[in-house]
Amino acid sequence: MRLHRLTPLAAAATVALALLAPRPASSQTAEEKAAARSLAQQGAEALQNKNYGEAIDLLSRAEAIIHAPPHLLLIGRGQVGLGKLVAARESFLKIIREELPASAPAAFKRAQEDAKTELAAIEPRIGSLRIVLTGPGAADPSKVTVKLDEQGVTSALIGVHRPIDPGKHMVTATAAGRSPVTQEVSLGDGEKKEVSLEVEAPTAGAAQPDGSGQTGGVVGPIGPEKPQGKSPLKYVGIAGMGLGGAGIIAGTIFTVMFVNKSKEADDAFKACPKPCPAQQQANITTLDEAAASRGTGAVVGFAAGAALAGAGVALFLIGSKQDKPAGASVVPYVAPNSAGLVGRF
C-alpha cells in the first residue's frame, strides 16, 4: 500500500492550518502559537529530509504547546522512519480515536483519514515476542529481573506474546544474586517468536529486585542488625524549621491586621470634628491600642520565626553529621520578647 508523503511546502501548510483552529478562552498566547507553528514547520522539513529523530523532537515540542492531529501524524511517520512501529501505531491510534467536531479544520480531518491508512500499512509489519523463564529460578519470578533492550519488563508481560518492532533485540534475565542470562533475537516484519531463558535459583540472602527492574548486589547471610545511635538533632531541627515557618506566617498575619487597624484609626481621626468629642476620641484611642497590639504580635512572630528557623537549620546540619550524644535534649521556647532553643548535650 502506497503512503501519501508530504512535500515540505505541503507539510508546512498542513501544520499552519492546524494552528488556526478555534481555541477556548484559556488558549495559548500569540507568541506560543507562533512558536508552535515554527517548530512544526521545522519538524515537517526534518521529516522530509529523513532526520527522523530531530523531526520527532520538534513536532513533540509543538504538540506540547498546541494539540493538533497533524502533529501526531507527522510524529508517527517519524517513528515509522526509525523502525519504531509499535510507538507509531499508538500515535496513529490516538489520532483515529479522537472525536473531532463537525467544525474541525479540514487539516485535522485529513490527518485522521491518513492515520487510518498508515496504521493499516504498518499493522502487518509489527512482530510478536513471548519471553518465557525456565529452570529453578522460574519458580519465583519476583526474584528475577527481566529486561528487553535494557528496559525493564513487568512480570505481567512474562509468558505472553507482546507486540514488538521488527529487528534485533536483546533479552536478559537475572535471578537475584546470579549472573545474567542473555539471548539475542531477530524478528522480521510480522514475525512471531518465543525466547526461553533458563535462570538459576536465587542465592540465599540475595537482594530483591526493586521497582525499577534493577537488583541490588549480592549480600551474605543476614544477621542481627547492630544498634545504631542516630542523633535527634536533625529531627529537632526539622521541628524548629517548621515552628519557624509558622512564626513567620503568624508575623505576616499580624502585620496585615496592624495595617488594617492603623488605617481604621487614621480614618476615624480624620473623620472626627475639631474639637473631637470625648466618645469618638476614646474610640480612636482604642483603635490605636489595638493596632499597637497587633504590631507587637507581628514583631514577635517574625523574630521568633527567624530564630527558630535559623536554629532549626543549624541543628539539622549538625545532627546529620554526628551520632546521638548521651542524654542530649533540645526544647524550643517562645516568649513575648524572645525565642530560641534550650538544650543539654
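Where residues in the range 165-195 are out of contact with any Lys or Arg (no Cβ under 9 Å at 6 or more places or on another chain) and surrounded by 14 or more Cβ atoms within 10 Å (Cβ to Cβ), which of them is nearest to LYS84 (Cα to Cα)?
Result: GLY167.
Give the residue that is modelled with the lowest pLDDT, with candidates limited to residues of the range 121-164 that are under 28 Å from the mean Cα position of the chain (by Cα) and over 18 Å from GLN183 (Cβ atoms).
My answer is SER142.
Taking the range 105-120 only, how many residues are more than 21 Å from VAL80 (Cβ to Cβ) and either within 32 Å of the chain's Cα centre (by Cα) or free of Cβ contacts under 8 Å to residues at least 40 places away in the same chain (or both)?
Residues flagged as more than 21 Å from VAL80 (Cβ to Cβ) and either within 32 Å of the chain's Cα centre (by Cα) or free of Cβ contacts under 8 Å to residues at least 40 places away in the same chain (or both) within the range 105-120 amount to 1.
With respect to ALA246, is the statement that it is over 30 Å from LEU317 (Cα atoms), among the small types (Gly, Ala, Ser), open to solvent by 50 Å² or more (accessible area, probe 1.4 Å) and at pLDDT 75 or above true?
Here the answer is no, as ALA246 does not meet what is asked.
Among the listed residues GLY135, GLY152, identify the single one that is in contact (Cβ under 8 Å) with a residue 12 or more places away in the chain, open to solvent by 10 Å² or more (accessible area, probe 1.4 Å) and on the phi > 0 side of the Ramachandran plot.
Being in contact (Cβ under 8 Å) with a residue 12 or more places away in the chain, open to solvent by 10 Å² or more (accessible area, probe 1.4 Å) and on the phi > 0 side of the Ramachandran plot holds for just one of GLY135, GLY152, which is GLY135.
Which one of these is more than 18 Å from ALA250 (Cα to Cα) and either among the aromatic types (Phe, Trp, Tyr) or modelled with pLDDT under 70 (or both): GLY327, GLY301, GLY305, GLY340?
Criteria check complete, one pass: GLY327.
The values are calculated or read from the model by the stated rules, or taken from the named source; none is laboratory data. Bear in mind that the values here come from a model prediction, so they are computed numbers and not experimental data. Reconstructed Cβ throughout: ideal geometry from the backbone, glycine too, with neighbour counts over all protein chains shown. The accessibility values were calculated without ligands, DNA or RNA, using every heavy atom of the protein model including side chains. Shrake-Rupley method; radii C 1.70, N 1.55, O 1.52, S 1.80 Å.
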